[in-house]
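Down below is the structure, laid out as structure tokens.
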Amino acid sequence: MTYDLTGRTAVVTGASSGIGAATARALAAAGGRVAVLARRVERIESLAKEIDGLAVPADVTDPESIATAAAAIRTELGRPDLVVANAGVMNGAPFATAEPREWSAMVDTNLTGLIHTGRAFVDDLLAAAADGGPADLVHVGSIASHEVFPGYAVYAATKAGVAALTRGLRRELGPRGVRVRAVEPGLTESELGETMLDAEGRAALEQIRREVGPIPASDVADTICWSAAAPARLNVAQLIVLPTTQG
């Protein structure tokens with residue numbers, strides 16, 4: 001699919017792989033200036049070279065790190081008007097035996113990290129909206145905020161928090177011209193879950209992926225680009241993106 005995002009300055013967190021990397025490529029192909037943020041420096045530097053973008057090492061769980069990244073982006077690319085808060089972690093395990101440090105990683109990245117990201121760029125988005133827009137804050141959530149998956153209670157709780165955060169910020173920022181939306185994918189080709197400690201959980205996830213068949217990350221990226229390319233007067237507030245076979 002093709003969209004025109006010429007003149008937009010975009011930020012993508014969690015851009016070292018999966019949906020984040022695919023989104024960065026799609027935004028650049030649509031004409032946007034793109035800053036890619038993640039902790040894995042070599043990966044984002046390679047991606048930035050590929051798309052003629054800007055690599056900015058950052059840890060969304062650290063508010064000072066994301067604030068420093070935001071300042072660097074303003075200096076190098078100008079004021080961002082499209083922020084895709086995508087960084088995320090998925091760990092699955094039975095609640096009674098799960099490692100608490102995996103819960104902390106999910107809460108810190110999936111929810112608190114999105115809060116830090118939004119705060120770091122909210123002034124930029126409000127200024128872009130005041131200048132006539134468009135201005136977009138995109139939260140990448142999950143179908144897990146709507147459906148129950150055994151072993152993923154804490155993960156689902158973080159994604160339900162993302163959905164609530166999105167609704168709250170939409171009510172707060174929408175009247176000021178900033179479009180806040182949630183894009184909630186189902187099974188998608190990514191590295192999510194590869195580092196979870198529960199071996200049975202990893203095996204079960206791989207089996208589900210084989211049986212259902214994940215969509216490519218580029219499909220989710222296309223959805224994000226499509227929604228961002230809509231007229232500034234229109235906010236596609238929530239998008240659930242699933243493999244057809246997932247139901």
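Report those strands (runs of 3 or more DSSP E) wholly inside the range 1-88 carrying at least 2 residues which are surrounded by 15 or more Cβ atoms within 10 Å (Cβ to Cβ), touching a residue at least 24 places away in the same chain (Cβ under 8 Å) and touching a helix residue (DSSP H, G or I) at 6+ places or on another chain (Cβ under 6 Å). Steps first, please.
Numbers: elements: 9-13, 33-38, 54-57, 82-85.
Hits in the range 1-88: 9-13, 33-38, 82-85.
If I ask for residues that are within 21 Å of Pro134 (Cα to Cα) and of a type in the set (Val, Ile, Thr), which ones from the range 27-81 would you list?
If the condition is that a residue be within 21 Å of Pro134 (Cα to Cα) and of a type in the set (Val, Ile, Thr), then Val34, Val36, Ile73, Thr75 are the ones that fit.
Could you please give the count of residues in the range 159-175 that are touching a helix residue (DSSP H, G or I) at 6+ places or on another chain (Cβ under 6 Å) and surrounded by fewer than 17 Cβ atoms within 10 Å (Cβ to Cβ)?
Residues in the range 159-175 being touching a helix residue (DSSP H, G or I) at 6+ places or on another chain (Cβ under 6 Å) and surrounded by fewer than 17 Cβ atoms within 10 Å (Cβ to Cβ): 1 in total.
Which of the numbered conditions does Pro134 fail, given that it passes all the others? Conditions: (1) within 24 Å of Val212 (Cα to Cα); (2) assigned to a loop (DSSP other than H, G, I, E, B).
(1)
Quick one: would you say Gly118 is touching a strand residue (DSSP E or B) at 6+ places or on another chain (Cβ under 8 Å), surrounded by 18 or more Cβ atoms within 10 Å (Cβ to Cβ), small (Gly, Ala, Ser) and assigned to a helix (DSSP H, G or I)? Show your work before the answer.
Numbers: touching a strand residue (DSSP E or B) at 6+ places or on another chain (Cβ under 8 Å): yes; surrounded by 18 or more Cβ atoms within 10 Å (Cβ to Cβ): yes; small (Gly, Ala, Ser): yes; assigned to a helix (DSSP H, G or I): yes.
Yes; evaluated as a whole, the condition is true for this residue.
Among the residues in the range 95-110, are any assigned to a loop (DSSP other than H, G, I, E, B) and either crowded, with 22+ Cβ neighbours inside 10 Å or of a type outside the set (A, V, I, L, M, F, W, C) (or both)? Working first, answer last.
Taking the range 95-110 as the starting set, the residues that turn out to be assigned to a loop (DSSP other than H, G, I, E, B) are 95-99.
Those left that are additionally either crowded, with 22+ Cβ neighbours inside 10 Å or of a type outside the set (A, V, I, L, M, F, W, C) (or both): 97, 99.
Yes, because at least one residue in the range 95-110 is assigned to a loop (DSSP other than H, G, I, E, B) and either crowded, with 22+ Cβ neighbours inside 10 Å or of a type outside the set (A, V, I, L, M, F, W, C) (or both).
Since every read-out is calculated from the coordinates, none of them should be taken as a lab result. What you are looking at is a predicted structure, and each value in this text was computed from that prediction instead of being measured. Please note: Cβ atoms are built from the backbone with ideal geometry, for glycine as well, and neighbour counts cover all protein chains shown.
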